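Visitor: Here you go, one structure.
Any read-out appearing in this document is the output of simple, stated calculations on the displayed coordinates, not a laboratory observation. From a predicted model like this one, the values you see are computed outputs, not experimental measurements. Note that we place each Cβ from the backbone using ideal geometry, even for glycine, and neighbour counts take in every protein chain shown.
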Amino acid sequence: MLGRWINAVRRNHGLEHATVAVLFERHGPRRLAGRASGDGFFILGKVDQQVLDDCAHEALHRMQNGQPGLAISPLCGTNIAVTGLFTAAAALNASRRAEQQKRSDGFMSAVTAAMIAVILAQPAGRWLQKFVTTRGDVDDLEIVDTRQLLPGVKKVFTRSLA
């Protein structure tokens, strides 16, 4: 049961990313946030309910017809979390080593370590999305409703056909 719920959240997370990608393609970038759940996903921000519904349906259609990669987003919070973890680890390591170096050398070491961490975090975040936090296989998923829950909070409801 837990495994089924996790898979539902991962697929809805992927559909959320794809929906935002379609929305941005059609209407340009905007300030939005999303959160997946077992029965769909929330979108927080200014977006018309019908526009969101249309974009969600197009995203689902595109994912079901050869574009499962839409599930991976450079804007995902997973990427932010991985970058934060990598840079924190690099900074801690650099600060330990800085105790044995001159102050200016320690600072440059910390900058270099942080830059390397950011570079390494990008592919690591994509990998984590692909194999842990999202799924692009949504062939048996359908959108059942899109509702406004509160001002600036909408939810796209999904269900599995399997």
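Visitor: Under 12 Å from the 7 Å Cα→Cβ point of Arg97, by amide nitrogen: which residues of the range 113-127?
Guide: 113-117
Visitor: Right, another one. Taking a cut-off of 16 Å, what percent of all Cα-Cα pairs in the range 77-130 are separated by more than that?
Guide: Details: 596 of 1431 pairs.
Cα-Cα pairs of the range 77-130 separated by over 16 Å account for 42 percent.
Visitor: Further question on the same structure: Note the full-extension length gain between Val111 and Ala33 as 0.36 nm times their separation in residues minus their Cα-Cα distance, in nm to one decimal. Walk me through the intermediate numbers first.
Guide: Numbers: separation 78, 0.36 × 78 = 28.08 nm, distance 3.00 nm.
Contour length minus the Cα-Cα distance gives 25.1 nm.
Visitor: Further question: Using Cβ counts within 10 Å as a stand-in for footprinting exposure, how do Ile143, Ile119, Ile72 rank, fewest first?
Guide: Details: Ile143 18, Ile119 12, Ile72 22.
The order, fewest Cβ neighbours first, is Ile119, Ile143, Ile72.
Visitor: What percentages make up the Cα-Cα pair-distance distribution of the range 35-118 when the bins are 10 Å wide from 0?
Guide: Percent of Cα pairs in each bin: 15, 29, 19, 16, 14, 6, 0.
Visitor: Tell me, in nm to one decimal, what length is gained between Phe24 and Val132 on full extension, where the rule is 0.36 nm per residue of separation less the Cα-Cα distance? Please report the intermediate quantities before stating the final value.
Guide: Values: separation 108, 0.36 × 108 = 38.88 nm, distance 2.45 nm.
In short, 36.4 nm is gained.
Visitor: Test of understanding: what is the full-extension gain from Arg147 to Gln67, defined as 0.36 nm times their sequence separation minus their Cα-Cα distance? Don't jump to the answer; show the numbers that get you there.
Guide: Numbers: separation 80, 0.36 × 80 = 28.80 nm, distance 2.57 nm.
Result: 26.2 nm gained on full extension.
Visitor: Angle between the Cα long axis of helix 49-64 and the longest principal axis of the chain, 0 to 90 degrees, nearest 10?
Guide: With both axes taken from Cα atoms, the answer is about 80 degrees.
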